[in-house]
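Notes follow the structure.
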Amino acid sequence: MTLFEVVIILILGSAAGDVALNEDAAFLPVVITFIVIIGLHRLFTLLINKSSRLQRHLEGKPIVLIEDGQLHWENAMKQSFAFEEFTMELRQKAVTHIGQVKLAFVEIDGNLSVYYYKNEDVKPGLSTLPLSMIDATTEIKKPGIYACVKCSHVYKLKKCADFICPTCGGSTWSKASIDTRVL
Ligand SMILES: [Zn+2]
């Protein structure tokens, strides 16, 4: 459901609740409220279908959250974004690391849509395991490709300590995975 539809349902539920819970509540105003709200919903649906601009205002637009195997950090920062919840949804789609994903959108109804890389195109990426299960460190003891556990961006790092992520300013790293998706 879009935000607009949720608002409509809340209004209708509130109107129906008055009659259901209060014996003295008049019935006719509730019926009129239902007719007006359903009429307005139909009118807006018609207008939305004719104007993509109005649709964006009323229902929002899909937001890119992963692009080219990495979190779209700018968009993630604009959202009230829960990384743990996001990785949980990826795990449910059999994504073991973010490098397996070419594009991921949060749709206007709140669902996550994922476009996967073919196995031969998978990039090194941050594991989608819960943070408590990721082998994360601030000290790079072996040179290699590492992913920032805060923003998922991937860098080739030499032996060092407290390397600051150029994307998000984080300093905790995890060895990037190159596993392909197993279905
Ligand atoms: Zn980072």
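Restricted to segment 123-163, and to residues there that are farther than 22 Å from Glu84 by Cα and not in a strand (DSSP E or B), the residue that is modelled with the lowest pLDDT is Asp162. Among the conditions (1) surrounded by 11 or more Cβ atoms within 10 Å (Cβ to Cβ); (2) within 12 Å of the ligand (Cβ to nearest atom), Ile140 misses just one, which is (2). Can you tell me which residues in segment 93-115 are among the aromatic types (Phe, Trp, Tyr) and either in a loop (DSSP other than H, G, I, E, B) or within 20 Å of Ser177 (Cβ to Cβ) (or both)? The answer is Tyr115, and nothing else. When Glu67 is tested against (1) charged (D, E, K, R); (2) touching a helix residue (DSSP H, G or I) at 6+ places or on another chain (Cβ under 7 Å); (3) assigned by TED's automatic domain parsing to the domain that holds Ala104, only condition (2) is not met.
For segment 151-173, a tally of residues being within 11 Å of the ligand (Cβ to nearest atom) and free of Cβ contacts under 8 Å to residues at least 60 places away in the same chain returns 10. Checked against (1) more than 22 Å from the chain's Cα centre (by Cα); (2) away from the ligand (no atom under 16 Å from the Cβ); (3) of a type in the set (Asp, Glu), Asp109 meets all criteria but (1). Taken over segment 69-83, the residue count meeting the criterion of being more than 16 Å from the ligand (Cβ to nearest atom) and more than 9 Å from the chain's Cα centre (by Cα) is 2.
The set of residues from segment 68-92 being surrounded by fewer than 16 Cβ atoms within 10 Å (Cβ to Cβ) and not in a helix (DSSP H, G or I) comprises Asp68, Gln79, Ser80, Phe81, Ala82.
The values are calculated or read from the model by the stated rules, or taken from the named source; none is laboratory data. This one's a predicted model, so the numbers in the text were calculated from it and none came from an experiment. Methodologically, a virtual Cβ is constructed for each residue, glycine included, from the backbone with ideal geometry; neighbour enumeration extends over all protein chains shown.
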